[in-house]
Structures are given as structure tokens and as C-alpha cells.
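Comments concern the structure below.
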Amino acid sequence: MSKPLEGVRVLDFGRFIAGPYCAMMLADFGADVIRVERRDGGEDRPVGPICESGEGGLFLSINRNKRGLTLNPAHPESSEIVRRLVQRADIVVANLPLNVLQKLGLDYPSLKAIKDDIILVMGSAFGPDGPYKDRVGFDGIAQAMSGAMGLTGFPEAPVRCAVSWVDYGTALHAAFGAMAALMHRQQTGQGQLVDVSLLATSITFMLPMLAERAMTDIVRQRQGNASFYAAPADSYQTRDGWVLVPTIGEHMFRRWARMVGREDLCDDPRLQDDIGRANHYQVINEVMSAWCVDKTRDEVVAALEKARVPCGPVYDLDEVLADPQVNARRLLDRTSFAGSTRPVPVASPPVRLSRSPGEIRHGAPAIGEHTHEVLREHGYSDAEIDDFRAAGAI
């Protein structure tokens, strides 16, 4: 079965998450993605090592379905190799600081001079203009500067989310931008620059709370897992674990009150709408905590499900791996990797198309695994490739 992006050629100069995950999404749906790294491998390869050769779970997960090529960016012959790669590419993905892109000749004007209809997907921490344009940054900085970290955690200290949601969100924005740019090019023949940034993503995702602060006198403070906008909506301790219960709306609240035997709360004047219930969440949490305390986690989940109140057990990682829904839908797949004696778990494509689904065709590339193959495809002879290698260009 043909894939939606077959025939699309992508050069992935990304690192860590935002760029590589964007390119991975394109690769999953058929694009030929070439990951370009330094000769000794990218700095994101060994983050959280899980296999004998030292690669980490992050790298192995978001670089599947790609071919790997190495270059020494400081070598004078590398620029000509990059030029030839760009001439045959449709999309270049790079989440590097603008001054680094310019130094490497990967900024949009430089790429456009090589191939007029090229699409550059450029990710950065703060964007290519404004007073912070030269700053470097990671996901946690955007969490902190968007206000998200300031409202996450308990009163005594702000907490960074363990999941790099800003990076992944930026990658999804980048992949969407790449698809929109491809459609525009089909219509007009023109390439363009796709500009995404960590700060833009985090501000976008924080918009409801930012708008509330801009338009009202409300000043939110950290309050743990309790929602600002409804209740019961918190984590609750059971006899043998925790559950998360995010309710919202009058009907759901009434079902919950009936379940815990406190329908009188529906008549409490303080609790007549979501905001009222959120403002008095301590009252509701006291009732919910008392109801949970002598029950097992499974008993609480079963009762909530029967009452049609959303809930979920707070899992440890072993429980996630064993979860029947995770396994029934094959949300985790296992792929081979040259540096590991065992198959490596990676997430299956999260977007599922009924007619042309994405798939994991092969695992992440070893360092320089496809350098010779790719350069041959781009017109270099075996002797030229050997000379590049001897000179330290690849």
C-alpha cells in the first residue's frame, strides 16, 4: 500500500525532540527522511541510554524510519555535500539557533538560493526575531516562561512537567506547517519558511489561563492536582494507590454526588456551577477523600466507571507497559536496532489513517549507517566517498 508522503524527501538536521519528532511523523507516513549528524553522532543519541551501544530511548523512538548520514560541518567539503543533498530535497528540518543555521548555510535564504522551492521547517526556542532571538533554550525554559511551571506543583515550589510537552507540541506544529507548506507548493510551485518555536507553543497552550489573567482580577496560585475550573477534579488516595478524577459540568457532578451518597451537595449554594465547585474544591475533596480511603484503587475506578464519571488509575511505568488497552491497540511496538541485543520498544504512529496508515518500517539508524548509500544516490562515486571519509568530511 502506498503511503501519503512517498516521494517526499526530507533532510533532518534536528536534534533532541522538536525537529526529529517532526521528521519522524513525516517518515512514518512514507517520506524518505535522512538524518544528518556529526561524524561521532548527535548529542541526543546517548540521552538516557538503554542499549549496549549507548543510545537512549528518546533517540531510538523518534528517529525510526530514517536513514542516517554523518557530516563534519566544519570540513570545507561538507558544504558541497549539503548543497547536493538540498538540491534533491523537498523539506529541510532544523531546530538550531539562527546564527548556527546561517553559519552552516541552512538558513532559508541560503537554502532558497540552492533550490528555489525548498521548504525549511525551522524550530527555535524563542523565534528568529525579537529581543530573545539569539538565546538558546529547552522545553523546561518554555514551561517556566509561559507561566505553566509557575502554576504547576504545590504552594511550596513550582514543578516542571516530566514530559517535554512543549517540545512535542512544537514538533506537531512543525509537522502540520510542513504539510500546509507542501500543499501550498503544489498549488503555487513556491517553497517557504515554516517558523515554529518553543515559546510560541507554550504560550498557545497556556492561552486560557493567560486570557483569564488579562481580562479579570483573578490571580491563580499553585494548588497541586486540583483543577482551577471544576471539582471534583484532583488526585485521590485509595487504600493501595491513587486515582485521578477530572469531572466537569452539572450532569457529571450530580452523578458523582449520587455515587458517594452526598446528593445534598447539589443543593449547596456554593456548588451550583463549575467555578463555584472549583473555588470550594476543599469541601468536595474532603468528601471524595473520605469515600476513597477504605477502598482499593480498582474498586474506586470500577465505581466511578459505573457512574460514568471519568477516572484513571495513577500508574507506575510497569503498569503502563502491562496495561491491556495499551497492548490491545499496540501503542508500543518493538523494533530491532543494531546496537541492542533485544528489540527496543517505541511508540507506534499516534495518528491512524484508515486507508493509508503510518508504520514503523525499521528502527533508528546507527551512526552513519546509510552515509555511503545516500551519497551514491546523490551522484558521488565510491572513490569520492572514500576520499571524503579519509579526509574526515564524513
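What follows is calculated from the coordinates using simple rules that are stated; it is not laboratory data. Predicted, not measured: the structure shown is a model, and the values here were computed from it. Note: ideal-geometry Cβ built from the backbone for every residue, glycine included; neighbour counts use all protein chains shown.
Sorted largest first, the spans of the alpha carbon positions of the stretch 190-259 along the three principal axes are 59, 33, 25 Å. The longest part of the chain holding none of the exposed loop GluC sites (Glu not before Pro), meaning those outside H, G, I, E and B in DSSP with at most 12 other Cβ atoms within 10 Å, is 157-394. Computed with the Debye formula from one identical point scatterer per Cα of the chain, without solvent, the log10 of I(q)/I(0) at q = 0.11 Å⁻¹ comes to -0.91.
Where does the stretch 1-117 land on Rg/Rh, using Cα atoms and the Kirkwood Rh? Reported Rg/Rh (Cα atoms, Kirkwood Rh): 0.97. Placing dummy labels 7 Å off each Cα toward the beta-carbon, the span from Lys306 to Val320 is 3.1 nm. Translational diffusion coefficient of the stretch 293-394 (Stokes-Einstein, Kirkwood radius from Cα pairs, 25 °C, 0.890 mPa s): 132 µm²/s. Over the stretch 3-70, the fraction of Cα-Cα pairs per 5 Å bin, rounded to whole percents and listed from the shortest bin up, is 4, 20, 28, 25, 14, 7, 3, 0. Taking the Cα centre of the stretch 281-375 as origin, sum charge times position over the Cβ atoms of Lys and Arg (+1) and Asp and Glu (-1), and report the length of that vector in debye to the nearest 20. Dipole magnitude for the stretch 281-375 comes out near 440 debye. Taking other residues whose beta carbon is less than 14 angstrom from the beta carbon of Gln143, and scoring Lys, Arg as +1 and Asp, Glu as -1, yields 0. Each Lys or Arg adds one and each Asp or Glu subtracts one; over the other residues with Cβ under 11 Å from the Cβ of Arg297, this totals -2. For the stretch 216-264, a simple Cβ point-charge model (Lys and Arg +1, Asp and Glu -1, everything else neutral) yields a dipole of about 100 debye relative to the Cα centre. Here the relative contact order of the stretch 106-150, from alpha carbon pairs under 8 Å that lie six or more residues apart, stands at 21 percent. Of all lysines in the structure, those lying under 29 Å Cα to Cα from Lys133, and not within fewer than 8 positions of it along the same chain, are Lys103, Lys112, Lys115. Among Ile34, Ile141, Ile284, the largest mean-square fluctuation in a Gaussian network model of the chain (Cα springs under 10 Å) belongs to Ile284. By the rule of a C-alpha distance below 22 Å, with chain neighbours fewer than 8 residues away ignored, the lysines paired with Lys3 are Lys66. Dipole magnitude for the chain: computed about the Cα centre from +1 point charges on Lys and Arg Cβ and -1 point charges on Asp and Glu Cβ, it is near 520 debye.
D by Stokes-Einstein for the stretch 112-178, Kirkwood Rh over Cα pairs, 4 °C, 1.567 mPa s: 93 µm²/s.
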